[in-house]
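A.B. asks: Quick one: structure below, then a few questions.
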Amino acid sequence: MKFWYLDHSAVAVQTDRHLLLFDLFGDVLNPQEGEGLDQGKVLPQQIAQEDVLVFVSHEHQDHFDPKVFALDSLPRVRFVLPEELDVLYEKGIFAANNQTITLVDATITTFESTDIGLGYLVEIDGKLIYHAGDLNWWHWQGEEDEFNLDQEKRYLQQMQYLQKAVGDRVIDLAFVPLDPRLEEDCLRGICAFSQAVKADKIVPIHFWGDFSVCQKVKQAPQAAAFADHVVTLHRRGESFIL
């Protein structure tokens, strides 16, 4: 298995027989000549021979761009979308909160975001892949206690659902938000995730270009139990073979 970090929460994952694309947006969908996954861009010609699954977690502009539907021209492509996007695209596999969708070649379990949209757990080609989208513990300094307590309750509930879905298995590859805007509270989500399930590789996302968060989480005392599983990213288009 191989993955590319494209930008923000946009990633590509190559399994034995499929290419999974998550939360493509903006510049990721505007390749120039000679640019492709290794430059953090999705070039349709580069992936034309792949069996492609495109996942959209929600409609925020840092996770979604309607231009993604231009990939419909690929010979083999399916779109997994939250239900509210059915007004933009008719041929998708539409998912609701906390649902399991069984395809011929994959099983997709969804989780309700603590913001909007979905998180995805994908079982495909013998691998287990998690992409959180905007499912995170959004504890904001200066926000009312009622809001932050509600975030805690909702996030921990979804982690219980994730734990139940994973069981005693290990997630092979997990993409989990690590947003530096949350300041000292940015580790709450990734720590609760790691307490709920085991993941072989944890890839930070949603960090707004601040690659230093990767080292910060690896050095944080509260992350000591899982720090060795966190992947350190350095640039867009960087790839890792697992």
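A.B. asks: Picking from 28, 68, which residue would you name as being of a type in the set (A, V, I, L, M, F, W, C), crowded, with 18+ Cβ neighbours inside 10 Å, out of contact with any helix residue (DSSP H, G or I) (no Cβ under 7 Å at 6 or more places or on another chain) and part of a helix (DSSP H, G or I)?
C.D. replies: Answer to the selection: 28.
A.B. asks: Residue 194 - would you say it is within 17 Å of the chain's Cα centre (by Cα), at pLDDT 95 or above and of a type in the set (Ser, Thr, Tyr)?
C.D. replies: Yes; evaluated as a whole, the condition is true for this residue.
A.B. asks: Let me ask another. From the list 200, 210, 228, which residue is in a helix (DSSP H, G or I), surrounded by fewer than 16 Cβ atoms within 10 Å (Cβ to Cβ) and modelled with pLDDT of 95 or more?
C.D. replies: None of the others qualify; the one that does is 228.
A.B. asks: Out of all the residues in segment 139-165, which are out of contact with any helix residue (DSSP H, G or I) (no Cβ under 8 Å at 6 or more places or on another chain) and not acidic (Asp, Glu)?
C.D. replies: Hits for segment 139-165 are 142, 147, 148, 149, 151, 153, 154, 157, 158, 161, 164, 165.
A.B. asks: For residues that are in contact (Cβ under 8 Å) with a residue 12 or more places away in the chain and either part of a strand (DSSP E or B) or more than 17 Å from the chain's Cα centre (by Cα) (or both), tally how many sit in segment 90-99.
C.D. replies: Looking only at segment 90-99, we keep the residues that are in contact (Cβ under 8 Å) with a residue 12 or more places away in the chain, and these are 91-98.
Narrowing further to those that are either part of a strand (DSSP E or B) or more than 17 Å from the chain's Cα centre (by Cα) (or both): 91-95.
Residues in segment 90-99 being in contact (Cβ under 8 Å) with a residue 12 or more places away in the chain and either part of a strand (DSSP E or B) or more than 17 Å from the chain's Cα centre (by Cα) (or both): 5 in total.
The values are calculated or read from the model by the stated rules, or taken from the named source; none is laboratory data. Not measured: the values here are computed from a predicted model. Because the Cβ atoms are built from the backbone with ideal geometry, glycine has one as well, and the counts that use them run over all protein chains shown.
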